[in-house]
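Novice: Handing you this structure, nothing more for now.
Derivation of every value follows stated rules applied to the coordinates shown; laboratory data play no part. Nothing here was measured: the structure is a model prediction, and the numbers come from that model. As a convention, Cβ positions derive from the backbone with ideal geometry for all residues, glycine included, and neighbour counts pool all protein chains shown.
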Amino acid sequence: MKTAFTHKALLPLAITAALLAGCGPQQSQSPQHSNPPATVVTQSESDKANALFEQIFMDEVRRDPIRQTRLGIKDDYDKWQDLSDAHFDADIALTQQHLTMLKAVDVSKLDDNTRISYLLMQQNLQQTLDEAKWRLYSYPVNQMFGIHSQVPSVLINQHSISSESDAKAYVARLNAVPALFNQLQEQLQKRAELGIIPPKFVFPLVLSASENVIKGAPFDTGADSTLLADFSKKVSQLNIDDHSKKLLMDEAKVALLTSVKPAYTSLIRYLNTLEQQADTVDGVWRFKDGAAFYNDELKRITTTDLTADEIHQIGLDEVARIHAEMQAIMQKTSFDGDLKAFFQFMQTDPQFYYPDTEAGKAAYLAEATAVIDNMRTRLDELFLVKPKADMIVKAVEAFREQSAGKAFYQRPSMDGSRPGIYYANLYRMSDMPKYELEALAYHEGIPGHHMQLAIAQELEDMPKFRRFGSYTAYIEGWGLYTELLPKEIGLYQDPYSDFGRLAMELWRACRLVVDTGIHAKKWSRDQAIQYLLDNTPNTQTAVEKAIERYIVMPAQATAYKIGMIKIVELREKAKSELGDKFDIRQFHDVVLKNGAVPLDVLEQLVDEYIAASKA
């Protein structure tokens, strides 16, 4: 089933190009006609530009089946993305074509909102071209989000089955895994030839996750494998006869045995070989032009011109400030000892942890849901606009919980059929202390990522590329800012919970130090791990997993604190300049109603809000 868009109609390429060149449709000349002439509708330059934005967005979406699935579009529901060099080259050529078309727009004739869209689109396209040279500077297989885990993740979490054709598309995707993995191995080999190989610690995690996919029926005896169980559950709910269901199940089992298993077996064999070439040096500085690559990543991720040294120092300063605030809370609880001893107490005292049992995990999810539900009742105090889409809390699935991050959010589908999801990783309950539960729920759920991402994609007056835009410093800066926001309306009544909020902010401040330490200052993995152990209340396991994440995702971890600092700075500026006229709801409206934007654009928007409020 194809998903229809209800936003603005998309114009064919030739028509849009003609419009941008100033060529309108030819008017028929019939002066002798007795009827009054039809009204000629002149399309404004802003309308032309917005039509072009929609076309560019959809051109890109049509070239990526996985992006379509995440948006709830089922046009290429039976396909995976194309990892080939030829496809990448065609993407770059299309981007250049889009940029040329964009330059035909007369910016002076655009309304304010469309002018911002124009500048963002121009920046996005140019950035894509500029970063093409770094195409191979990545790890397409890693413990966080590799292609090997994308296959089950997309099929289980995003490939819904509401018809027989959806089920057949699922089976087609199973049968297409060998071709996808062949391309993946080609890309891994190209990187290996340049010395761009995941660090040694990555391989056991990736191999374990890959092996888990092909465990269980029909691969061996025992319970159904993760994929078969998922397919079986979805097909059982279809409104079709039992015979048709059985045929679908048989097709899936054949695909799992003849396509999925050989593909994973081949990938595992290749990764075992590649592991022999891996090193224990972790920073991207070790690559040719690695320093330039990292600087570009910092600029892209933070949407600032801050250098690695500046970001490192900001992190050190923030760590010192937060430690001081933690000491004040420690004194409130009448703890006898220094901050390091308090950290140890928080790590080890059983009162701060749910039991590592099914009941303990259920209790964690129930409490996280209750925290979010309570926050829903307070939203009118802080926001003028709220998301229409629902949000739920789920545990990370067993097949990926060992390698996945601590918590993350998945935005709702574009058509509203799938809610936003806050995923909590309950693989090891000692990594999920009760005192961090509240702040984590706010960050990933409400008023954090769900408010920002769901509201953004529901904006009716925005082109889709802005509704689904992704500026990490803005998005993660908002998530971290919304950990602080509930405290300002009286939540975090438990001092230990407030300590947990600070512990999570401290974690993000430390990221500035260790990310730049690893990738710019040549810190070792062990050196970075020790810094987190010395300065945070987190466990050895959590610290190791975090450092491993920062190693395979250079610069990404710097976005949170840099983004939060800017949002708080802009809010305090608005408070200072507006005095009694300042309304926190209006400020949040300015931040949210424009979708994700670079931090310099956000500052411009807030400045305009201040000026308008003063007038």
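Novice: I need the calculated FRET efficiency for the pair residue 179 and residue 221, taking r as the beta carbon distance and R₀ as 35 Å, to the nearest 0.05.
Specialist: Here the calculated transfer efficiency is 0.75.
Novice: To the nearest Å, what is the center-to-center distance of region 571-598 and region 78-128, using C-alpha atoms only?
Specialist: Region 571-598 and region 78-128 have Cα centres spaced 30 Å from each other.
Novice: Same structure again: Just need the relative contact order of the chain here, percent rounded to a whole number, with Cα pairs under 8 Å and 6+ apart.
Specialist: In percent, rounded to a whole number, it is 15.
Novice: Over the chain, what is the percentage of antiparallel beta bridges among all DSSP beta bridges, to the nearest 5?
Specialist: 40
Novice: Looking at region 292-565, send over the antiparallel percent of its DSSP beta bridges, to the nearest 5.
Specialist: 45
Novice: I've got another one for you. Tell me, in nm to one decimal, what length is gained between residue 572 and residue 612 on full extension, where the rule is 0.36 nm per residue of separation less the Cα-Cα distance?
Specialist: Extra length from residue 572 to residue 612 when fully extended: 12.7 nm.
Novice: Compute, for region 292-565, the length of the dipole vector about the Cα centre, with Cβ point charges of +1 (Lys, Arg) and -1 (Asp, Glu) only. Units Debye, rounded to 20.
Specialist: 560
Novice: Could I ask something else about it? If you take the charge dipole of region 292-565 about its Cα centre, with +1 on Lys and Arg Cβ and -1 on Asp and Glu Cβ, which of 322, 393, 413 is farthest toward its positive end?
Specialist: After comparing all options, I get 413.
Novice: Amide H of residue 392: which non-local residues (sequence gap of 5 or more, or other chain) have their own amide H closer than 5 Å, using H built in the peptide plane?
Specialist: When sequence neighbours closer than 5 places are left aside, the close amide H contacts are 420, 421, 422.
Novice: In addition: Could you grab the Rg to Rh ratio for region 200-241? Cα atoms only, Kirkwood for Rh.
Specialist: Checking Rg against Rh, the ratio lands at 1.20.
Novice: Tally Lys/Arg at +1 and Asp/Glu at -1 over every other residue whose Cβ is under 9 Å from the Cβ of residue 465; what's the total?
Specialist: +1
Novice: Between beta-carbons, use under 13 Å as the cut-off and find the net charge around residue 111, counting Lys and Arg +1, Asp and Glu -1.
Specialist: Result for the neighbourhood of residue 111: -2.
Novice: While we're looking at this one, here's another question. Under 1.5 on a/c is rounded, so check that first for region 147-279, then, if it is not, pick prolate when a/b is larger than b/c and oblate when it is not; a ≥ b ≥ c are the square roots of the alpha carbon gyration tensor eigenvalues.
Specialist: prolate
Novice: Scan region 381-411 for trypsin sites (Lys or Arg not before Pro) in coil per DSSP, keeping those whose Cβ has at most 12 other Cβ atoms within 10 Å, and list them by number.
Specialist: Passing both the DSSP loop test and the Cβ count: 388.
Novice: OK, next. So which lysines can residue 581 reach, going by Cα to Cα under 23 Å and dropping same-chain residues fewer than 8 places off?
Specialist: 386, 487, 566, 573, 593, 614
Novice: Let me ask another. Taking the simple approach of a point 7 Å from Cα along Cα-to-Cβ for both residue 115 and residue 381, what is their distance in nm?
Specialist: Reported label-point gap for residue 115 and residue 381 is 3.9 nm.
Novice: Taking 22 Å as R0, compute the FRET efficiency from the Cβ-Cβ separation of residue 336 and residue 527 and round it to 0.05.
Specialist: Rounded to the nearest 0.05, the efficiency is 0.10.
Novice: Between their Cα atoms, which of 394/545; 233/253; 253/361 are more than 23 Å away from each other?
Specialist: 253/361
Novice: Give the cross-link partners of residue 246 among the aspartates and glutamates, using a straight C-alpha distance below 19 Å as the criterion and excluding same-chain residues fewer than 8 apart.
Specialist: Reachable aspartates and glutamates: 164, 166, 224, 230.
Novice: Could you state the number of Å between the C-alpha centres of region 346-378 and region 137-199?
Specialist: After rounding, the separation between the Cα centres reads 33 Å.
Novice: Another question about this same structure. Report the residues of region 347-381 in range of a label on residue 582: point 7 Å along Cα→C-beta, backbone N strictly under 17 Å from it.
Specialist: Flagged as within label range: none.
Novice: Still on this model: Could you work out the relative contact order of region 147-279? I mean the mean sequence separation of Cα pairs under 8 Å and 6+ apart, divided by the number of residues, in percent.
Specialist: For region 147-279, the relative contact order is 40 percent.
Novice: Continuing with the same structure: Kindly put 108, 149 in sequence by how many other C-beta atoms sit within 10 Å of each C-beta, fewest to most.
Specialist: Starting with the residue having the fewest Cβ neighbours, the order is 108, 149.
Novice: Let me ask something else. I'd like the FRET efficiency for residue 305 and residue 603, computed as 1/(1 + (r/R0)^6) with the beta carbon distance as r and R0 of 22 Å, rounded to 0.05.
Specialist: 0.95
Novice: Fewest Cβ neighbours within 10 Å first, please rank 200, 522 accordingly.
Specialist: 522, 200
Novice: How much length is gained on full extension from residue 534 to residue 236, taking 0.36 nm per residue of separation minus their Cα-Cα distance?
Specialist: 102.1 nm
Novice: Taking the alpha-carbon distance from residue 190 and a cut-off under 14 Å, which aspartates and glutamates remain once sequence neighbours fewer than 8 residues away in the same chain are dropped?
Specialist: 85
Novice: Can you give me the pair-distance distribution of region 292-565, C-alpha pairs, 5 Å bins, whole percents?
Specialist: For region 292-565, the binned pair fractions read 1, 6, 12, 16, 19, 18, 14, 9, 4, 1, 0, 0 percent.
Novice: Which value at 222 nm does the chain reach when only helices count, each DSSP H run of 4 or more adding -39,500 (n - 2.57), with the total divided by all residues and rounded to the nearest 500 deg cm²/dmol?
Specialist: -18500 deg cm²/dmol
Novice: Among (1) 70, 26, 23; (2) 39, 38, 23; (3) 39, 34, 26, which is the computed semi-axes √(5λ) of the Cα gyration tensor in Å?
Specialist: After the calculation, the listed value that fits is (3).
Novice: Moving to a separate point now. Counting other C-beta atoms within 10 Å, which of 519, 243 has the fewest, and how do the rest follow?
Specialist: Least to most surrounded, the residues fall as 243, 519.
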